[in-house]
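Step one of this worksheet: look at the structure below.
The values are calculated or read from the model by the stated rules, or taken from the named source; none is laboratory data. This structure is a prediction, so every number in the text was calculated from the model and none was measured. Counting neighbours? That spans all protein chains shown, and the Cβs are built from the backbone with ideal geometry, glycine included. Surface areas here come from the heavy atoms of the whole protein model, side chains and all, with no ligands, DNA or RNA. Shrake-Rupley method; radii C 1.70, N 1.55, O 1.52, S 1.80 Å.
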Amino acid sequence: MNVTVSKRSVAFLPPEGDMLNAFANALRRVVRTKTFEQITVSEIVHEAGYSSRTFYNHFRSKYDLVFWSYAAADYAYLEGMSADFAGSTFPDRVLRGLERLEADRALFLGAFRDRIGPESLCMTLVRHGVAVIPDYIRRRHGAAAVTDGVMRLVRFYVEGVVCELALWIAASNPMPPEMFRDFLIEAIPAPLCSLLLETKPCRRKEHRK
């Protein structure tokens with residue numbers, strides 16, 4: 001099952017399991033000895049103890065594997081939607097994502113270096129964000145809230161966030177996760193604030209008054 005070609009990528013992520021975690025952990029071990037760019041899928045599957053065919057039954061590339069290791073928690077959360085969805089705010093979700101990225105900084109640093117092409121981690125994260133954020137809005141406010149204009153703003157915001165993530169992982173932006181989370185929340189376009197946040201703390205909007 002491929003994790004980057006679906007219209008709503010998060011809905012088709014393979015669930016966590018021993019085999020897929022073995023691939024992710026193998027990649028983390030291999031990246032300690034060589035750069036991400038040098039790593040091949042053959043090395044990953046050899047380290048994991050599985051076949052290449054098994055790997056490609058779930059992932060198209062090593063970028064897919066990196067994305068899965070980042071987004072699997074979101075997959076499990078969204079697939080198990082229930083009343084407790086309201087218990088996790090948008091800023092909470094952003095912070096959890098940043099903490100996962102920081103915990104695997106060495107791995108993501110290499111993956112973020114390639115920012116061009118449909119299989120790059122940057123493009124995959126953009127597709128993921130453009131699927132997840134409207135779904136979050138839809139479940140909080142109803143399908144009518146996800147207009148064409150909202151979708152354009154979401155894509156604009158997500159693309160900017162992913163660029164900033166790449167800089168943050170490269171340590172060009174030294175903010176700790178909590179401060180960086182606040183920076184990303186501050187950057188939400190004003191029309192999206194009431195859709196994504198529990199209150200409307202768009203300070204940029206307040207400053208204009």
Among H128, H141, H46, H58, what's the order by accessible area (1.4 angstrom probe), most exposed first?
H46, H141, H58, H128
Can you give the accessible area of L125, probe radius 1.4 Å, in Å² rounded to 10?
10
Mind giving me the FRET efficiency for M179 and H46? R0 is 45 Å, r the Cβ-Cβ distance, nearest 0.05 is fine.
0.65
